[in-house]
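This report refers to the structure that appears directly beneath it.
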Amino acid sequence: MEENNKISLVGEVISSPKLSHETHNEKFYTVKVDVKRLSGDIDTLEIIISEKLYDIEKIKLGTRYYIEGEIRSYNYYVSESERRKLVINIFAKNLSIAEETDDECLNNFELVGHICKKPIYRKTPFDREISDILLAVNRLYGKSDYLPCIAWGRNAKFASTLEIGDKIKITGRMQSRQYTKKLNDNEEEKKIAYEMSIITLEKKESEEE
């Protein structure tokens with residue numbers, strides 16, 4: 001089976017492990033890591049780690065890790081309003097302390113999936129082309145991860161020609177973006193959005209084709 005969801009990164013731990021959930025007597029923890037960009041900006045990403053993969057007690061603030069895994073998504077229901085919130089994180093499959101020779105800006109993904117909404121093409125105030133893509137990436141056993149992706153320039157123009165159901169392969173960088181949500185006239189809340197910033201994009205033949 002084609003490996004259709006993988007990401008590699010080097011990140012510095014900025015939060016202590018926190019219990020996320022337990023499945024079949026296996027506990028999973030969340031940790032936030034900072035990943036540098038070449039520009040000097042920082043992407044703050046959330047990692048899910050199994051207690052069977054790594055000794056959770058050994059994960060310390062300020063430690064840099066080399067992480068390999070998959071990008072996952074799930075819907076979280078906000079009970080008071082019954083709204084759905086899309087939560088995106090990285091499910092770690094390999095985890096080790098980073099070497100000095102490891103690229104501190106490493107943050108690469110490769111995804112193969114299907115377009116599940118018509119891409120939205122637009123231009124920024126500075127006339128830069130951009131397209132928003134929602135990509136469904138299949139897991140085993142019939143589950144899928146729904147990942148928001150963003151394309152620029154020629155990739156954005158090409159994405160605007162894609163239709164629902166088209167199969168594509170993309171590579172790029174997983175990014176975080178802070179924004180402020182207005183709750184009411186007097187309150188605001190700072191939030192973090194995650195998106196897959198596309199570097200390469202190609203259309204692939206579907207299994208049916």
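With charges set only on the Cβ (+1 for Lys and Arg, -1 for Asp and Glu), what does the dipole of the chain come to about its Cα centre, in debye to the nearest 20?
560
Please compute the net charge surrounding Leu201, taking Lys and Arg as +1 and Asp and Glu as -1 over other residues with Cβ under 10 Å from its Cβ. Display every interim value, and only then the final one.
Details: positive: Arg154, Lys169, Lys203; negative: Glu202.
Net charge around Leu201: +2.
Any of Lys93/Lys157; Lys32/Lys182; Lys27/Lys143 with alpha carbons more than 31 Å apart? Name them for me.
Those over the limit are Lys93/Lys157.
Grab the other residues whose beta carbon is less than 10 angstrom from that of Glu129, score K and R as +1, D and E as -1, and report the net.
+4
Peptides 52-61, 166-175: what's the order by average Cβ count within 10 Å, highest mean first?
So the peptides 52-61, 166-175, ranked by packing, come out 166-175, 52-61.
Rank-order 122-130, 147-155 by packing density, defined as the average count of other C-beta atoms within 10 Å over each peptide's residues, highest first.
In decreasing order of mean packing, 122-130, 147-155 become 147-155, 122-130.
Can you list the lysines whose alpha carbon sits under 19 Å from that of Lys181, skipping same-chain ones fewer than 8 residues off?
Hits, sequence-local ones excluded: Lys85, Lys190, Lys191.
Which one, [x] 18.0, 54; [y] 15.8, 47; [z] 18.1, 58, gives Rg and Dmax of the Cα atoms in Å as derived from the coordinates shown?
Read-out from the structure maps to [x].
Readers should treat all values here as calculations from the given coordinates under stated rules, not as data from a laboratory. For clarity, every value in this text was computed on a predicted model and none was experimentally measured. Because the Cβ atoms are built from the backbone with ideal geometry, glycine has one as well, and the counts that use them run over all protein chains shown.
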